[in-house]
Amino acid sequence: MRNFQKYKYRPWFRTFRKWSGQLIVPFIIFQFIRTIFLPTVFDILLLSFFIVIAISIFFDVI
């Protein structure tokens with residue numbers, strides 16, 4: 001198990017992660033709806049990029 005330290009990151013980085021964690025879900029929903037109606041390669045790549053970012057934020061990968 002990884003040893004997690006609460007104050008390992010700088011305060012601005014923790015604030016940025018908190019804000020991006022709140023904003024990534026609406027971006028994913030919007031991009032998913034857009035991908036359903038107009039599927040392009042860019043939309044699929046952007047949606048997958050957003051999902052990877054969300055997973056890394058919510059599971060504390062970074």
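Each value in this text was obtained by applying a stated rule to the coordinates, not by laboratory testing. In this text the structure is predicted, and so the values were computed from the model without any measurement. Ideal geometry is used to build each Cβ from the backbone, glycine not excepted, and the neighbour counts take in all protein chains shown.
Just a few scattered comments:
- Principal-axis tilt of helix 41-58 within the chain, Cα atoms, nearest 10 degrees: 20 degrees
- Chain lengthening between Ser56 and Ile28 when straightened (0.36 nm per residue, less Cα-Cα): 8.7 nm
- Residue-averaged 222 nm ellipticity for the chain, from DSSP H runs of 4+ at -39500 (n - 2.57), nearest 500: -25500 deg cm²/dmol
- Phe13/Leu45 FRET efficiency (R0 30 Å; Cβ-Cβ; nearest 0.05): 0.70
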